[in-house]
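Notes follow once the structure below has been shown.
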Amino acid sequence: MNIAEQVKTANKAVYDNAEGVTLLCQDISITHPAEQQRIRRVIASISPGGGEKKFLDLGTGYGNVLRIAKGYFEYSLGCDLNFYPLAALKKEHPSLPLVCCEAEKLAFKDGAFDCICIFSVLHHIADYGKVLGEAARVTKRGGYLYIDHENNYYFSRYARGFLRFLMSFSARDREIMLANFHAFMGKGMNPELIRQELAGLGFSEIKLEYRFTSRSYAFVVFLLKLISKIYPFKSCYTHFSIVAKK
Ligand SMILES: C[S@@+](CC[C@H](N)C(=O)[O-])C[C@H]1O[C@@H](n2cnc3c(N)ncnc32)[C@H](O)[C@@H]1O
């Protein structure tokens, strides 16, 4: 099995079950009210007014972003590799359209959506360039691509080796690590490279923001914020987001 298949298999093992849904619900760095408000602000800023506007959430999981977006778009669709979280979401929101598919191979027409979101998903895919290509293809001209909650390579390069060591002791942790491939292994999520890739795919007005995951490890984040006030290096920030217009 090649590495892309191994990562996919790990993502199925981690998320295609009740434990995976619990994992998604309990991630405080995503579910904290302040974080939810931040996501809402971004979605509001990229939702165009008027008309039949369409939103696609790639790797929606249990619908973290989709639940917010449905209040701003006339049509909001979620897709994910795994059926289990989609089925759980469908039980709660029967009217939400959901599709079980790989983000690397989308069965949608070119320019089908006004806005595509990829939240905490790219680092789960070995060849995430394919996902960016597909996202670019299905984004309408003038539409937006919103990428968020990706581990900033400039920060994680210092911690990856240590975290890999910490997570090497149990089979479950090793699986989670493989599912989060670029957070721990691979080439990592380099925001500057992704910005270049998006420009090559026809996006303009690419807004890259470095940020902290503000909820977990509060003391470490406090120290990082302090350091970043004195030396605003991109290596200080744990995560990044990108909003790009096509
Ligand atoms: C950390 S979760 C994020 C879920 C959701 N976006 C959120 O904000 O809670 C990563 C999600 O990516 C999905 N995923 C992993 N590989 C995928 C692929 N190749 N295509 C589509 N979804 C994938 C997983 O099933 C999982 O739901």
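Every number here is computed from the coordinates shown, using simple stated rules; none is lab data. From a predicted model like this one, the values you see are computed outputs, not experimental measurements. With ideal geometry, Cβ positions are generated from the backbone for all residues, glycine too; neighbour counts draw on all protein chains shown.
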Can you run phi through the Karplus equation (6.51, -1.76, 1.60; θ = phi - 60°) for region 105-116 and list ³J(HN,Hα) in whole Hz, with x for Gly and Pro?
9, 9, 8, 10, 5, 4, x, 6, 10, 7, 8, 10
Residue by residue through region 185-197, which ³J(HN,Hα) values in whole Hz follow from phi under the Karplus form 6.51 cos²θ - 1.76 cosθ + 1.60 (θ = phi - 60°), with glycine and proline marked x?
9, x, 7, x, 9, 8, x, 5, 5, 5, 4, 5, 4
Among 150-157, 30-37, what's the highest-first ranking by average C-beta atoms within 10 angstrom per residue?
150-157, 30-37
So what is the diffusion coefficient of region 3-245 in µm² per second by Stokes-Einstein at 20 °C and 1.002 mPa s, using a Kirkwood Rh over Cα pairs?
117 µm²/s
Within the set Lys12/Lys246; Lys54/Lys91; Lys91/Lys130; Lys91/Lys207, which residue pairs have Cα atoms separated by over 29 Å?
Lys12/Lys246; Lys91/Lys130; Lys91/Lys207
What percent does the relative contact order of region 1-121 come to when contacts are Cα pairs within less than 8 Å and at least six residues apart?
27 percent
Rounded to the nearest whole number, the Stokes-Einstein translational diffusion coefficient of region 147-238 at 37 °C and 0.692 mPa s (Kirkwood radius, C-alpha pairs) in µm²/s is 224 µm²/s
Karplus (6.51, -1.76, 1.60) ³J(HN,Hα), θ = phi - 60°, over region 68-74, in Hz, Gly and Pro reported as x
6, 5, 5, x, 10, 10, 5
Can you tell me how much longer the chain between Ser170 and Lys90 gets when fully stretched, taken as 0.36 nm per residue apart minus their C-alpha distance, in nm with one decimal?
25.6 nm
At 0.36 nm per residue, minus the direct Cα-Cα distance, what do Ile3 and Lys187 gain on full extension? Give it in nm, one decimal, please.
65.0 nm
